[in-house]
Amino acid sequence: MALDGTVFAHTASAGAGDIRIYGREGSDRSNEFEAPFALTESGPVTAETQAATVGNVAVRDGALVFDLAMPSGDYTEVDLDLNAKDFVGAAQVAGVDAQGHPTPLGTFALFDLGAQRLARATVLALPASSYPVLHVALRLTDLEGHPMAVTPSMIAGATVPPSREEQTVYTTVASTSAIESQGHWSIATMTVPAHVPIERARFVLSPEFHADFLRDATVAASPMQTGLDALGAAEGVSGHIFQVTHDAIASSVPAIDSQAMTINTVIGANLRAPARVTASVDNGTASPLPIARVDLQMRERKLCFEARPDTSYTLRYGDPDLSAPSYGYARRFVASDRPTTAALGSEEKNPNYVVAGTDDEKKRPGRELPWLLLIAGISVAGVTALQYVRHKHEGIG
């Protein structure tokens, strides 16, 4: 069951620790129970960039060949540190297993178009792999299509970025097509509620635009109120977006069709007040990009739980007095290969919500008995203490 931005906007704290799932068999509230769950997040499988060791470097038949001793575990990308400029290249890559048997993984286009004020790309975007060694044969041409002489010193090293799932899934939490021009900047402005994580900004161009470009881009957030309640102040990140489409300029190198239209960031989640988020593109002296839309996105979060037959479930959240639950189910959780998928229904205010410390709370039968309070806090706290509810029926993921 995937969570949307609305859930995070109405949680009482960063991290959504006040979320609870309650199940009920039939219509009798006394049959209600708290369902343990695991919260999963689409994202990196490994946490940090690691180094790959370069070895067996040589020049053979005009190609720079070398091996990369890879870190243990799965990986999906390798970033080559090349001492070369103004080139278009092709890297043939094979994975070598522990017995020394090679398996072709593909041919990957690399380029440096700095002389044309365009992008540089030296990342091998591999299929998910775990080979202990990669064998690489690299051929380069200049920007006129002439073969470049390669030397062993051209390969200075290689790094392995955090491995990601085969496809990291994102959920859009805010979007706008209102793009304002201010000087040489194109600026999109959106308002994001407190606690909603923003982990990527995506720039969408008009579909008829196919020109090459490289632009600096900035995503920044500032709280819409001042004081301690807005902890975090302004925060942001800069990067660049680009598009390069080149036909093959030599038989030894592939055509280039490369685009990077997203800026990864982590903003918003630590703000205790709504934030104003701006996504800006610096056009410099060039014409403004035809930006059709800007999306602010978070990595997909899912609540996973064991669903009982003939049972309805309710997701409740919004109580500032609740802390994050600690479920043994979550600690032991292993995702199913074929989960049942559930969807959230429409959000509504919980009509049974009672604010702690009010006269209404004091009138509730049994409230003054400590042991009943303890049981209420475990079994039915969500009925009376959580502000928002989302309804769904039988499902797991």
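The values are calculated or read from the model by the stated rules, or taken from the named source; none is laboratory data. The model shown is predicted, which means the values in this text are computed figures rather than measured ones. Note that each Cβ is placed from the backbone with ideal geometry, even for glycine, and that neighbours are counted across all protein chains shown. Each accessible area value is taken on the protein alone, full model and side chains, heavy atoms only, with ligands, DNA and RNA left out. Shrake-Rupley method; radii C 1.70, N 1.55, O 1.52, S 1.80 Å.
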- Step through the residues of the stretch 18-23 one at a time and calculate ³J(HN,Hα) from phi using the Karplus curve (6.51 cos²θ - 1.76 cosθ + 1.60, θ = phi - 60°), rounding each to whole Hz and writing x for Gly and Pro. 9, 6, 9, 10, 10, x
- At most 15 other Cβ atoms within 10 Å and a DSSP loop assignment: could you name the trypsin sites (Lys or Arg not before Pro) in the stretch 262-315 that fit? none
- Task: Starting from the residue with the highest accessible area, list Glu34, Glu25 in decreasing order, probe 1.4 Å.
- Result: Glu25, Glu34
- Query: At a 1.4 Å probe, what is the % contribution of carbon and sulfur to the accessible area of the stretch 5-153?
  - Reply: 49
- Item | Largest to smallest accessible area among Val54, Val78 [probe 1.4 Å] | Val54, Val78
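Please compute the per residue accessible area over the stretch 300-349 with all protein chains in place, 1.4 Å probe, rounded to a whole number of Å².
Working: 3220 Å² over 50 residues.
Heavy-atom SASA per residue in the stretch 300-349 reads 64 Å².
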- Task: Along each of the three principal axes of the Cα atoms of the stretch 98-156, give the extent in whole Å, ordering the values from largest to smallest.
- Result: 43, 24, 20
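Name the trypsin sites (Lys or Arg not before Pro) in the stretch 97-189 that are in a loop by DSSP and that have at most 13 other C-beta atoms within 10 Å, would you? The partial results should precede the final answer.
Values: sites: Arg117, Arg120, Arg139, Arg164; in loops: Arg117.
Answer in residue order: Arg117.
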- Message: Explain nothing, just compute: Karplus ³J(HN,Hα) = 6.51 cos²θ - 1.76 cosθ + 1.60, θ = phi - 60°, for every residue of the stretch 309-315 in order, whole Hz, x for Gly and Pro.
- Response: x, 6, 10, 9, 10, 10, 9
- Express in Å², to the nearest 10, the accessible area of His184 obtained by rolling a 1.4 Å probe over the protein heavy atoms while all chains stay in place. 80
- Message: Show me the GluC sites (Glu not before Pro) within the stretch 135-192 that DSSP assigns to loop and that have at most 10 other Cβ atoms within 10 Å of their Cβ.
- Response: Glu144, Glu166
- Task: Could you pull the accessible area for Met148 with a 1.4 Å probe, rounded to 10 Å²?
- Result: 40
- Query: Using modelled backbone amide H atoms (1.01 Å from N, in-plane), which distant-in-sequence or interchain residues come within less than 5 Å of Ala35's amide H?
  - Reply: Ile21, Tyr22, Gly23
- Item | Rounded if a/c under 1.5, otherwise prolate or oblate - the stretch 42-186, Cα gyration tensor axes | oblate
- Message: Can you give me the solvent accessible area of Glu306 with a 1.4 Å probe, rounded to the nearest 10 Å²?
- Response: 120
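Can you sort Arg24, Arg308 by solvent-accessible area, 1.4 Å probe, largest first? If you can, show how the numbers build up before the last one.
Values: Arg24 55, Arg308 110 Å².
Solvent-accessible surface, decreasing: Arg308, Arg24.
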